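**Student:** The structure's right below; bear with me while I get my questions together.
The values are calculated or read from the model by the stated rules, or taken from the named source; none is laboratory data. Every value quoted in this text rests on a predicted model; they were computed, and no experiment measured them. Note: ideal-geometry Cβ built from the backbone for every residue, glycine included; neighbour counts use all protein chains shown. SASA here: full protein model, heavy atoms, side chains in, ligands and nucleic acids out. Shrake-Rupley method; radii C 1.70, N 1.55, O 1.52, S 1.80 Å.
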Amino acid sequence: MDHMTKTEIAPLRDTWTATSQYGTARTVRPSGRTDTLSYRVLWINQHAAGKGGCEGYVRDTADFLARNGVRSDLLYEDSGRQDPDYLRSFASAGPIHDLEAQTRQLAPDLVYVHRLGDESVVQALRRADAPIVRFFHDHRLFCLREHKYTAIRRTTCTRPTGARCYACLGCVTRGPSGGPRLRSLRQLEGERGQSLPLDAFVVGSRYMAGHVAAHDFDPSKIHVIPLFVRSPIHAASVRRSEDLLLFVGQLVRGKGLDLLLRALARSRSEARLYVAGTGRQESTYRKLARSLGLSARVRFLGKVTGDDLGRLYAQAACTIVPSRVPETFGLVGPEAMSYGTPVIASQVGGMGEWLTHGETGLFFPSGDVAKLATAIDRLVSDQRYARRLGCNGRRAYESSFRPEEHVRKLLTLFTQLIGERR
């Protein structure tokens, strides 16, 4: 948002020394390396398995913090499936049953809160004798229907919540059992209010910083720390296909695969499309591809992860992120860029944190099928231009979206808050 360029977001100090309850002094240097054993962070999250981007961030960041001497403990709400491999990233892990007592027992230096199913958890945490930081991964507290696009017209919405939300039927959502559920603005404001007094807030993009501030959160407490992607696999033997497009993501309406299919049908090129992902709308999108005459050009690959996904990124001429939802950051783009693959993305949300139009990829207006088709034709027909964008994207990844850069900034913030509290 434009007004955020004029709003001061709290600066991060490069060096801060503090003494923990264990009597251990520690200093975070600009390199992100700690001089001695550091401190103890209590993570709070809804799930204890790799369900999505939030859970992946929690696991991966705990791993990288451990390399800097930080002990991580996890408390989670979900009483369903727990993944033993996922839990290995933490020194201890267990379900929430008496949060105040559990927090006293673990005695963390800092509490790091993520996605919650029950916002009353925050109220119990606020009595902890430690600074509390919350990462806003999504729009759950900033949209009645969570998805930030209108229910009827399916157009992107970036405005703060208000009475207009009822007009788009945003109050009607899917409940835990799959049936309809009603949410009210008063309920949403109450849930949001639980977090207002916390010590700091982390977001992945300047867009999300502006959106959080527009909902009455203190801008001086909001810290923009762009997300990271792990180092790419060695894929030098993978040959890039000049006519192959790649979509990676859930097959749900918010991710915009229907827009991509319609754009592919309008494209002058004969480009092919690989779809890596699963979701509720898969059968709908398969039918749409057939009705558009694209059956021979579109392959639905199902869920693809790990090295197999890395090889797809390396093989593709272009990765396309056509989201209707204003992504709070959008990891698929930087993942593709780490392989030197150019990206076409809808110009919404936090995409601008990593995509610079004409330098690392191409933007198109959200929902504009004709402009998306034009962007596809541009990259498929001009391989030299596509390679230049891909090389620029790779450099952007190296300078800004490696894990070490995120962890350095996170450690600086954590140590600053702990030092101020102690």
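**Student:** Hey, does the stretch 374-394 have a residue that's within 19 Å of the chain's Cα centre (by Cα) and touching a residue at least 24 places away in the same chain (Cβ under 8 Å)?
**Tutor:** yes
**Student:** Before we move on, is L74 open to solvent by less than 10 Å² (accessible area, probe 1.4 Å) and more than 21 Å from L411 (Cα to Cα)?
**Tutor:** The answer is no for L74.
**Student:** A follow-up question, please. Taking only pairs six or more apart or across chains, which ones have beta-carbon atoms under 6 Å, a first residue in the stretch 271-288 that is assigned to a helix (DSSP H, G or I), and a second residue that is open to solvent by less than 10 Å² (accessible area, probe 1.4 Å)?
**Tutor:** Listed by first residue and then by second, the contacts come to E282/L251; Y285/L251; Y285/L257; L288/L261.
**Student:** Can you give me the number of residues within the stretch 258-281 that are farther than 12 Å from I376 by Cβ and in contact with a helix residue (DSSP H, G or I) (Cβ under 9 Å, 6 or more places away or on another chain)?
**Tutor:** Total satisfying the criteria: 8.
**Student:** Another question about this same structure. List pairs: first in the stretch 87-111 and touching a residue at least 40 places away in the same chain (Cβ under 8 Å) and at negative phi, second β-branched (V, I, T) and part of a helix (DSSP H, G or I), Cβ under 6 Å, 6+ apart or cross-chain?
**Tutor:** Close Cβ pairs (under 6 Å, with a partner that is β-branched (V, I, T) and part of a helix (DSSP H, G or I)) amount to D109/I418; L110/I418.
**Student:** Residues of the stretch 181-207 being more than 24 Å from D109 (Cβ to Cβ) and touching a helix residue (DSSP H, G or I) at 6+ places or on another chain (Cβ under 6 Å), which ones?
**Tutor:** S205, R206, Y207
**Student:** Here are some conditions: (1) modelled with pLDDT under 95; (2) more than 20 Å from R394 (Cα to Cα). T284 meets all but one. Which one does it not meet?
**Tutor:** Of (1) modelled with pLDDT under 95; (2) more than 20 Å from R394 (Cα to Cα), only one is false for T284: (1).
**Student:** Under 7 Å between Cβ atoms, which residue pairs at least 6 apart in sequence (or on different chains) link something in the stretch 310-329 that is within 15 Å of T155 (Cβ to Cβ) with a partner that is open to solvent by less than 10 Å² (accessible area, probe 1.4 Å) and part of a strand (DSSP E or B)?
**Tutor:** P322/S346; S323/S346
Residue-by-condition table, conditions (1) touching a helix residue (DSSP H, G or I) at 6+ places or on another chain (Cβ under 7 Å); (2) under 23 Å from T61 (Cα atoms):
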residue: D78; (1), (2): no, yes
residue: L87; (1), (2): no, yes
residue: P95; (1), (2): no, yes
residue: L99; (1), (2): yes, yes
residue: Q123; (1), (2): yes, no
residue: R127; (1), (2): yes, no
residue: P131; (1), (2): yes, yes
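**Student:** Looking at the stretch 46-71, which of its residues are in a helix (DSSP H, G or I) and open to solvent by less than 30 Å² (accessible area, probe 1.4 Å)?
**Tutor:** Listed by number, the residues that qualify are C54, E55, G56, Y57, V58, D60, T61, A62, F64, L65.
**Student:** For R253, state whether it is touching a residue at least 12 places away in the same chain (Cβ under 8 Å), of a type in the set (D, E, K, R) and over 22 Å from G349 (Cα atoms).
**Tutor:** In short, no.
**Student:** Criterion first (surrounded by fewer than 22 Cβ atoms within 10 Å (Cβ to Cβ) and either hydrophobic (A, V, I, L, M, F, W, C) or farther than 26 Å from R140 by Cα (or both)) does R280 satisfy it?
**Tutor:** No, not satisfied.
**Student:** Here's a check for you: in the stretch 223-239, which residue that is part of a loop (DSSP other than H, G, I, E, B) and β-branched (V, I, T) is surrounded by the most Cβ atoms within 10 Å (Cβ to Cβ)?
**Tutor:** V229
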